[in-house]
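Working notes for the structure below.
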Amino acid sequence: MATKRRSSEKLAHDPRTAPAYSFAEAARYLRLPLPTLRHWSIGLGKVAPVLLMDDPGRQFLSFMNLVEAHILAGIRRKHGVGLQQVRRALDYVRTRCEVERPLIDQSFQTDGRFLFIERLEQLINASKFGQLAMPDLLPQLDRIDRDPAGLPVKLYPFTRSVDASRPVPDPKLVVMNPLVSFGRPSVGGVPTHTIWSRFRAGDSPAHLAEDYGLAQEAIEEAIRCEAA
């Protein structure tokens, strides 16, 4: 229980848990259907939500919620793991491992049937209550930078495709950092929406790259991010 309390206290006044994104914004950044994200976040009828929202009013998502949804989307897209199994795995980790928010505190993986967490250099099969197994790593996990405590500090959203079967992943140029541009997507510290606005007004990627001192590839990824 002490682990859970320390985790909650550490994040209590952290910008990563501040309500920051509307459901529409978050769904666009993660390339998720809006109803799906709402279902995961606030539930549907008698069906409980999967994510632990940081906003008491349940109107906005935090950066941590965004990362949780990013990982959950990867599990669902790549393997079609059911939400019942997800809830079972999360309940196991919270109870047995004393990890309050498993999707952000640990790197979740799946083999298509069961969810895994990395703990004590072994992989515990959360859905089968502790049986060890080998995972199939999610590409989503490689798009998260973590601090020394293992908590997310940056998210590199997909800008081209969310298809986990693609052999070449999206470049990690567009980043979401709660300490930069209020957590909105940016490249080299420049908000992608600023680049997008100028591009729509007629500025070329080459012109924008020169103005901001960025590689043209970064400008083009910013445009892809906003055009999605």
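The values are calculated or read from the model by the stated rules, or taken from the named source; none is laboratory data. Keep in mind it's a predicted model, so treat the numbers as computed, not measured. Every residue, glycine among them, receives a Cβ derived from its backbone with ideal geometry; neighbour counts consider all protein chains shown. For the accessible areas, the whole protein counts, side chains as well, though only heavy atoms, and no ligand, DNA or RNA atoms are used. Shrake-Rupley method; radii C 1.70, N 1.55, O 1.52, S 1.80 Å.
Go through (1) open to solvent by less than 60 Å² (accessible area, probe 1.4 Å); (2) of a type in the set (D, E, K, R); (3) in a helix (DSSP H, G or I) and name the single condition Arg224 misses.
Here Arg224 clears every test but (1).
Are there any pairs, at least 6 apart or on different chains, whose C-beta atoms fall under 6 Å, with the first in the stretch 69-94 and closer than 15 Å to Lys128 by Cβ and open to solvent by less than 10 Å² (accessible area, probe 1.4 Å) and the second polar (S, T, N, Q) and outside any helix (DSSP H, G or I), and if so, which?
Every condition considered, the pairs that remain are Val81/Thr110.
Quick one: count up the residues across the stretch 179-188 that are in a loop (DSSP other than H, G, I, E, B) and either open to solvent by 60 Å² or more (accessible area, probe 1.4 Å) or at pLDDT 95 or above (or both).
4
Out of all the residues in the stretch 95-104, which are assigned to a helix (DSSP H, G or I) and either open to solvent by less than 60 Å² (accessible area, probe 1.4 Å) or in contact (Cβ under 8 Å) with a residue 12 or more places away in the chain (or both)?
Arg96, Pro102, Leu103, Ile104
Just the residues that are of a type outside the set (Val, Ile, Thr) and surrounded by 14 or more Cβ atoms within 10 Å (Cβ to Cβ), please, taken from the stretch 190-204.
Pro191, His193, Trp196, Arg198, Phe199, Asp203
Scan the stretch 166-174 and tell me whether some residue there is at pLDDT 95 or above, assigned to a helix (DSSP H, G or I) and either among the hydroxyl-bearing types (Ser, Thr, Tyr) or open to solvent by less than 70 Å² (accessible area, probe 1.4 Å) (or both).
No: zero hits.
Among all residue pairs at least 6 apart or on different chains, which show Cβ distances below 8 Å where the first residue, located in the stretch 175-195, is over 20 Å from Asp147 (Cβ atoms) and the second is in a loop (DSSP other than H, G, I, E, B) and among the small types (Gly, Ala, Ser)?
That search, which allows pairs on different chains as well, returns Gly188/Gly213.
Can you pull out every residue in the stretch 205-220 that is surrounded by 18 or more Cβ atoms within 10 Å (Cβ to Cβ) and among the charged types (D, E, K, R)?
Glu220
Collect the residues in the stretch 42-68 that are crowded, with 22+ Cβ neighbours inside 10 Å, in a helix (DSSP H, G or I) and either touching a residue at least 60 places away in the same chain (Cβ under 8 Å) or not charged (D, E, K, R) (or both), keeping them in residue-number order.
Correct list: Phe63, Met64, Asn65, Leu66, Val67.
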